[in-house]
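The values are calculated or read from the model by the stated rules, or taken from the named source; none is laboratory data. Just so we're clear, the structure is a prediction, and the values are computed from it rather than from any experiment. Positions of Cβ are generated from backbone atoms using ideal geometry, with glycine treated the same way; all protein chains shown enter the neighbour counts.
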Amino acid sequence: KAERLRKLQKELAELNQDEDIIEMESHRRKRVKVDDLQYIPHNRPGESSGTFRVPDIDSDDEMEVEMSVPERVNVFEEAAAGREPSPEPMWVFPSVGKRDPNEPRLSHAEEMAARAAFRADFTVWLVERELEVPVWNN
């Protein structure tokens, strides 16, 4: 058993010295879903950064990339964790209350008369300030 152990240790030392294995070890890889990547790399694992290739995506929508390629994280969890309390609202409008369901509604003629009165007053206000008077369609 000791001889077998020495033989395996010798093989391990040879493999650790092998340049191909050192090169493969320097470019560690992982398989990830394409949708989970922050960006799709333009080169294959182990190639220089100046090479451009079509990504090799398999039928499971996965591809092999280097370990250093960042993956997406759940944006919503990050946003909730870093949330500051909202400041006081800038515009605080007074509550006018709910409309009484028994309150009488304007008739069509009364509503049109109120609109005409508003148009007349608004037109006077615009003329006094020498602003353009709109053309009213109804």
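For Val124, work out the one condition from (1) part of a helix (DSSP H, G or I); (2) modelled with pLDDT under 80 it doesn't fulfil.
It is condition (2) that Val124 fails.
Within segment 30-45, count every residue that is assigned to a strand (DSSP E or B) and modelled with pLDDT under 80.
0
From the set of residues in segment 52-69 that are exposed (fewer than 10 other Cβ atoms within 10 Å of the Cβ) and of a type outside the set (D, E, K, R), which is modelled with the highest pLDDT?
Here the answer is Met67.
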